[in-house]
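What follows is a set of notes on a single structure, which appears directly below.
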Amino acid sequence: MRSILLNLHKIIKLLISILLFLSIFYIYVNDELKLLINPRYNIFILCAEVILLIIIIHLAAMLAEKSNHNSVTSVFSYFLFIFIVISLGSISYENYQSNISQKKGFDINIENAETSINKRYSASSDINADNMEKIIEENNTVVFEDKDFLEIHDKIYDKIDDYIGKPVKITGYVYRIDNFEENYFIISRLAMYCCAADAVLVGMVCDSRDFNFKFEPNAWFEIEGLMVKKILVFSEGRTELPVIKITSFSKIKSLSSPYVYPNF
């Protein structure tokens, strides 16, 4: 009886390990891992997969040997690993962007908006400081490319006056702030430093008053316009912010990932 119980525990351990390995592998090959962690840390996930594979081989070898070594694991440990496997398999990516945006919100400090509005990644902006001039010189337009999104975002908030009147092109999804003026919205992305837990919503305020069009929340758009500076009224008070006055736009299909990442 004891031998049967020990073998049962070994089988359960082996099955849980295999399920965990396959769950992580599935997320990785389907390019969904980038919704959970910064791609620069994928190497650690691959290392974890190698370790899991070694554990699976070891457990399979132990089961084949039919060893009577007492390796009974607590029920709590099983529940812990089963919970991880179920959690990985039950993540809903369909409304992922919307759910994160609603939880994180748009961080506004009215007293010092220019230096504090969603500027949690400013340490990275100095790395590509010289790129701003190159980006503008290429076609006389400030283009928010994914690879430089946060650097451009921070530069504009740092020195608003330097970019007034500049043409701007940006891609993102619509985020609306409660009690915000109807014709204004945030063209947004999610900035991730390490993982989804530390993601913050970043973006530029857009002025759509020249268009009789409803920019629905969470819809994706490619927007072109001119950079201006306006005093806007939020529930917390009034503040002066850079604003994109829209000159043209096109609705686009949602990108595979709403995230942008800081350069290191």
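Summary table
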| item | result |
| --- | --- |
| Criterion (modelled with pLDDT under 90 and open to solvent by 70 Å² or more (accessible area, probe 1.4 Å)) met by exactly one of LEU35, LEU14, LEU19 | LEU19 |
| Residue among SER257, SER188 that is open to solvent by less than 60 Å² (accessible area, probe 1.4 Å), in contact with a helix residue (DSSP H, G or I) (Cβ under 6 Å, 6 or more places away or on another chain) and in contact (Cβ under 8 Å) with a residue 12 or more places away in the chain | SER257 |
| In the range 199-214, the residues that are open to solvent by less than 50 Å² (accessible area, probe 1.4 Å) and over 26 Å from ASN140 (Cβ atoms) | ALA199, VAL200, LEU201 |
| Long-range neighbours under 7 Å by Cβ, at least six apart or interchain, first residue among the β-branched types (Val, Ile, Thr) within the range 44-60, second assigned to a helix (DSSP H, G or I) and surrounded by 14 or more Cβ atoms within 10 Å (Cβ to Cβ) | ILE45/ILE24; ILE45/TYR28; ILE45/LEU33; ILE55/SER17; ILE56/LEU14; ILE56/SER17; ILE56/ILE18; ILE56/PHE21 |
| For ILE231: the one exception among (1) more than 21 Å from ASN263 (Cα to Cα); (2) not in a strand (DSSP E or B) | (2) |
| Checklist (1) buried (at least 17 other Cβ atoms within 10 Å of the Cβ); (2) out of contact with any Pro (no Cβ under 8 Å at 6 or more places or on another chain) applied to GLU181, failing item | (1) |
| Filter result for ASP126 (of a type in the set (D, E, K, R), part of a loop (DSSP other than H, G, I, E, B) and at pLDDT below 90) | yes |
| Subset tally (residues that are under 21 Å from ALA197 (Cβ atoms), basic (Lys, Arg) and out of contact with any strand residue (DSSP E or B) (no Cβ under 7 Å at 6 or more places or on another chain)) for the range 4-53 | 1 |
| Residue match in the range 246-254 (condition: under 29 Å from ILE43 (Cβ atoms), touching a strand residue (DSSP E or B) at 6+ places or on another chain (Cβ under 9 Å) and either free of Cβ contacts under 8 Å to residues at least 24 places away in the same chain or not charged (D, E, K, R) (or both)) | yes |
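This table checks each residue for (1) at pLDDT 90 or above; (2) under 26 Å from GLU32 (Cα atoms).
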site: THR115; (1), (2): no, no
site: ASP130; (1), (2): no, no
site: GLU138; (1), (2): no, no
site: PHE149; (1), (2): yes, yes
site: ILE177; (1), (2): no, no
site: ASP198; (1), (2): no, yes
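The values are calculated or read from the model by the stated rules, or taken from the named source; none is laboratory data. Source: prediction; values computed, not measured. Neighbour counts are summed over all protein chains in view; Cβ atoms, including those assigned to glycine, are modelled from backbone coordinates with ideal geometry. To get the accessible areas, we keep the full protein, side chains included, count just its heavy atoms, and leave off ligands, DNA and RNA. Shrake-Rupley method; radii C 1.70, N 1.55, O 1.52, S 1.80 Å.
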